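Heads up, the thing below is written out as structure tokens.
The values are calculated or read from the model by the stated rules, or taken from the named source; none is laboratory data. All values derive from a computational prediction rather than experimental measurement. Cβ sites come from the backbone with ideal geometry, for glycine too, and all protein chains shown count toward neighbours.
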Amino acid sequence: MAKKRNTAKRSKKKEKKEDIYAQKRIEILDAIHLNDIQRLRQLGKDPGGFLTNKLRQKAWSLLLLHPNWKKPPRKQPPLAHKDESQVQLDVVRSFNVYPSRIDNKTKASLKRHLSHVIVSVLRAYPDLHYYQGFHDICTVFLLVYEEHQHVHELVCLAALFYLRDAMLESLEPVLKQLHLLDALFKLEDEQLHQHLQDQGVLPFYCLSWVITWFSHDLDRLSNVTRLFDLFLCSNPIMPIFVSAALVLQFRDRVLKLDDASLIHHTLSKLPQQSFDLEHLIAHAVQMSDHWSPLQLQEIASQPLDDVSTINTFSTHWKPSAVDDHRQVRVDEACSILKLLPEERIPLPLATKASAPLPWKQLLVTTTFSLGTLAVFTLSYTFLNKSAAL
């Protein structure tokens, strides 16, 4: 009798879940049909995201490439990009985690398409600097769109408006973003923040999480695409909030450790732990709703560049900008790429910025595990991609 009741409960629970799924699918399709970007963004943040890759193909395309925008014709054949040799090295090492159980012929075909996507993006916008990890993001787009011929156009816009800070001449803008984690920990968990400070733990453990949108560190494609739903519906600072939410979820484990190198190692491996992804996303969204990018920069006394994707997102990517003026926005992004480092000015903050961080002033030798990416000797001038990659 009890067994029958349990079976009935499971059946009702399954039916309820299917009803919720069907209702959300209808809402997603309605938002796509109406070109309702605001509604689509909210649905992408809500539990389940865009549900399936078929729906993602439509939703991501609308979020990135509005139907009214037409890419201007190319006047001359694109030139080879300086980073193409590194691209090929990374492509060779791709598709070893997901998709699973594919034969060598399929894998070889995917690698050819991946190479085409990345090279097309770099040749279309030669001022972009390739970084190891960008191929992981392109891999996800390729798998979602199933080798669609226009994947590279979508990735171009993701690179220009979401990933641009990581595709400049150095990783300095991204390392500044990582410093915002300290402010989040201080706001959300003073005990954890103080522990990390006392142990001298630097935020480099999550570099790969941020610059690959977790696609390098998670081994389930469904979890990765769910996070991509969130990131494409949010300000480019969202990977920082997700990183903070992940660390906070394992705060008790971290507090038990009293060795900096062990803490760094433990933190860097958190994506391989078992955790509730939807709970993690909900916490990240909650924090992002409570603390704006500007507030975080002020609390951390860490101004990002005024042309950072984080600081320009509201103007470059608001719904009113997703129309016939898209090419104007693309041109503005391209002009930012052409700026010299000294021409990118820190965002003026209401609070006075503090003195340079000690970890910027000191010569630090460390290694980040990101495929074959090894980053050594961080200093005040940070990293020069041409030398480090």
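Summary table below
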quantity: Residue ID - nearest to Ile37 (Cα to Cα), chosen from residues in region 202-253 that are surrounded by fewer than 22 Cβ atoms within 10 Å (Cβ to Cβ) and among the basic types (Lys, Arg); calculated: Arg220
quantity: Ser109 over 21 Å from the mean Cα position of the chain (by Cα) and either surrounded by fewer than 23 Cβ atoms within 10 Å (Cβ to Cβ) or part of a helix (DSSP H, G or I) (or both); calculated: yes
quantity: Lone unmet requirement of (1) outside any helix (DSSP H, G or I); (2) at pLDDT 95 or above for Leu29; calculated: (1)
quantity: Single unsatisfied condition, Asn235 versus (1) at pLDDT 95 or above; (2) part of a helix (DSSP H, G or I); calculated: (2)
quantity: Residue list for region 74-106, restricted to those being basic (Lys, Arg) and not in a helix (DSSP H, G or I); calculated: Arg74, Lys75, Lys82, Arg93, Arg101
quantity: Residue in region 298-306 that is within 18 Å of Val242 (Cα to Cα), crowded, with 20+ Cβ neighbours inside 10 Å and at pLDDT below 95 present; calculated: yes
quantity: For Asp217: the one exception among (1) under 23 Å from Gly48 (Cβ atoms); (2) in a helix (DSSP H, G or I); (3) out of contact with any Cys (no Cβ under 8 Å at 6 or more places or on another chain); calculated: (2)
quantity: Test result for Val97, surrounded by fewer than 18 Cβ atoms within 10 Å (Cβ to Cβ) and in contact (Cβ under 8 Å) with a residue 12 or more places away in the chain; calculated: yes
quantity: Flag if Ser268 is surrounded by 20 or more Cβ atoms within 10 Å (Cβ to Cβ) and either touching a residue at least 40 places away in the same chain (Cβ under 8 Å) or at positive phi (or both); calculated: no
quantity: Cβ-Cβ under 6 Å pairs, at least 6 apart or on other chains, region 167-194 side under 16 Å from Asn311 (Cβ atoms), far side in a helix (DSSP H, G or I) and among the acidic types (Asp, Glu); calculated: Pro173/Asp165; Val174/Asp165
quantity: Scan of region 342-360 for residues that are surrounded by 13 or more Cβ atoms within 10 Å (Cβ to Cβ) and modelled with pLDDT of 75 or more, ordered by number; calculated: Arg344, Pro346, Leu347, Leu349
quantity: Restricting region 15-42 to residues that are among the charged types (D, E, K, R) and surrounded by 11 or more Cβ atoms within 10 Å (Cβ to Cβ), the residue that is nearest to Ser288 (Cα to Cα); calculated: Arg41
quantity: In region 44-57, the residues that are in contact (Cβ under 8 Å) with a residue 60 or more places away in the chain and of a type outside the set (Phe, Trp, Tyr); calculated: Gly44, Lys45, Pro47, Gly48, Gly49, Asn53, Arg56, Gln57
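The rows are residues; the columns are (1) under 15 Å from the mean Cα position of the chain (by Cα); (2) assigned to a helix (DSSP H, G or I).
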position: Gln149; (1), (2): no, no
position: Val155; (1), (2): yes, yes
position: Leu178; (1), (2): yes, yes
position: Phe185; (1), (2): no, yes
position: Gln191; (1), (2): no, yes
position: Asp198; (1), (2): no, yes
position: Val201; (1), (2): no, no
position: Ser208; (1), (2): yes, yes
